[in-house]
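One structure below.
Every number in this text was worked out from the coordinates using simple rules, so none of it is lab data. For clarity, every value in this text was computed on a predicted model and none was experimentally measured. Cβ atoms come from the backbone with ideal geometry, glycine included; neighbour counts cover every protein chain shown.
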Amino acid sequence: MIAAAAVALAIALLVVGGVALWGALTSEPVRPGPATSQADPPAAARSTATARPRQPQTSTAGGGGALLVRCRAAKCGVFISSSPDNDVLFNGVMRQGEERRADEPRMNLVVSDSGGVDVYINGKLQPKGSPGKRKIYTIVKT
């Protein structure tokens with residue numbers, strides 16, 4: 001009787017552990033709060049971001065500052081890093097209408113779909129790339 005109860009308990013623990021492991025492997029990653037993101041996220045929509053913890057430097061409204069990226073497609077893969085130390089300022093997927101701003105002296109920007117984003121560098125709209133094509137930008141703040 002005790003052996004049967006021990007076997008049932010062991011099976012129950014295996015099932016609970018398996019369910020927890022499956023949930024951990026299939027769930028979305030934890031999203032950091034706004035204080036850990038170098039780029040200035042919009043208040044309404046936050047994306048998954050990997051960033052070094054330091055105070056955000058925001059640019060002025062309306063495309064001012066060194067960099068503004070606006071997603072026009074359903075989803076836009078965006079990577080922003082400072083240069084030359086390559087600290088990650090933003091790495092994630094933006095949703096349509098979402099904007100990211102960064103105001104560092106030198107930055108690198110990689111967009112996965114250059115036709116699906118508006119990129120403003122030092123307040124000037126950059127030419128669109130080909131839809132579905134990756135594009136790399138080097139930004140120097142003026």
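A compact table of results
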{"read-out": "Taking V110, V78, V140 and counting other C-beta atoms within 10 Å, the order from fewest to most", "value": "V140, V110, V78"}
{"read-out": "Most to least packed among 126-132, 114-120 [average Cβ atoms within 10 Å]", "value": "114-120, 126-132"}
